[in-house]
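The values are calculated or read from the model by the stated rules, or taken from the named source; none is laboratory data. The structure presented is a predicted model; accordingly, all values stated were derived computationally and were not measured. Methodologically, a virtual Cβ is constructed for each residue, glycine included, from the backbone with ideal geometry; neighbour enumeration extends over all protein chains shown. What goes into the accessible areas is simple: the full protein's heavy atoms, side chains included, and nothing from ligands, DNA or RNA. Shrake-Rupley method; radii C 1.70, N 1.55, O 1.52, S 1.80 Å.
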Amino acid sequence: MLITPTQLLRLSQGHLNLLEICPRKFQHTYLEQLNSPLDPEQEERQTLGSRFHLLMQQREMGLPIHHLLATDTKLQSWMSAFADAAPEIIQPTTDEQTFRESEHYRTLQVQDYLLTVIYDLLIGDSQQAQILDWKTYPKPPDKRKLAQNWQTRLYMYVLAETSTYLPENISMTYWFIQSEGKPQNLKFTYSTSEHEKTAKKLHQLLNKLTNWLALYQQNQPFPQVLAGNKACDYCQFAMKCDRIPTTEEANTQNSLPNLANIQEVSI
């Protein structure tokens with residue numbers, strides 16, 4: 001993908017996460033649009049997740065959802081459990097001053113980039129705004145890691161920048177629909193200090209991207225993670241990036257003693 005000087009590059013939270021994890025992977029997936037097919041299990045999970053998001057969107061719009069539930073027992077159980085766990089979301093009190101919109105879309109230009117966010121559900125009134133996001137994988141991640149994820153940071157940042165809400169009056173809640181037992185949630189509040197930190201980190205990352213793009217136009221690839229990084233073990237581009245050891249190297253590594261275990265025993 002060639003970027004012209006007047007073209008704004010559209011970026012989502014997923015792109016920002018990818019840039020931090022591995023700039024070279026960003027190059028392969030976004031600029032070169034290289035993809036590998038999903039395995040059947042992963043594809044099924046994504047399909048179920050998409051169906052739940054569609055279910056919640058249609059319900060919020062007042063459209064019938066019985067036909068979606070009638071043919072999918074898993075969706076039925078998820079919806080029932082979520083209704084029990086969060087009745088204030090499923091059956092909110094009627095208030096003409098409250099704004100609610102599913103799949104709410106916003107953009108924000110920063111430097112030569114157009115940052116885009118889509119909120120699964122945005123609820124707001126004259127004072128406060130809540131961003132809600134549905135997750136359909138079973139186990140909530142570590143809250144500290146989720147706080148540093150660009151979805152959390154970018155979603156609240158963009159809302160603060162494109163509305164009259166003060167950062168202190170913005171929150172974001174992830175609902176993990178498929179959690180063991182019953183749906184669980186993780187809530188994050190915002191603040192002016194967090195907003196300033198996010199702005200600084202965002203500009204630093206975009207400055208790096210601008211530099212990498214300029215070098216890429218001169219046929220210089222984006223930086224790679226260091227050899228031996230665990231992220232390469234699960235990356236579809238490991239071979240393309242020469243991050244898969246040869247048979248001889250693998251045999252050598254397997255024959256070496258586990259120094260970590262030796263040190264642990266000696267202590």
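What about Tyr155, is it of a type outside the set (A, V, I, L, M, F, W, C), more than 25 Å from Ser50 (Cα to Cα) and modelled with pLDDT of 95 or more? Please lay out each step first, then the result.
On the way: of a type outside the set (A, V, I, L, M, F, W, C): yes; more than 25 Å from Ser50 (Cα to Cα): no; modelled with pLDDT of 95 or more: yes.
For Tyr155, the condition - of a type outside the set (A, V, I, L, M, F, W, C), more than 25 Å from Ser50 (Cα to Cα) and modelled with pLDDT of 95 or more - is not met.
So, of the residues in segment 122-158 that are assigned to a strand (DSSP E or B) and β-branched (Val, Ile, Thr), which turns out to be surrounded by the most Cβ atoms within 10 Å (Cβ to Cβ)? Top of the filtered list is Ile131.
Residue count for segment 213-239 satisfying the condition of being open to solvent by less than 70 Å² (accessible area, probe 1.4 Å) and not polar (S, T, N, Q): 12. In segment 91-106 there is no residue matching the filter, namely being at negative phi, of a type in the set (A, V, I, L, M, F, W, C) and surrounded by 14 or more Cβ atoms within 10 Å (Cβ to Cβ).
Among Ser171, Ser179, which is the only one that is touching a residue at least 40 places away in the same chain (Cβ under 8 Å) and part of a strand (DSSP E or B)?
Ser171
Selection within segment 189-212: residues that are hydrophobic (A, V, I, L, M, F, W, C) and in contact with an Asp or Glu (Cβ under 9 Å, 6 or more places away or on another chain). The member of this set that is surrounded by the fewest Cβ atoms within 10 Å (Cβ to Cβ) is Ala199.
Can you pull out the residues in segment 182-198 that are among the basic types (Lys, Arg) and in a strand (DSSP E or B)? Passing the criteria: only Lys187.
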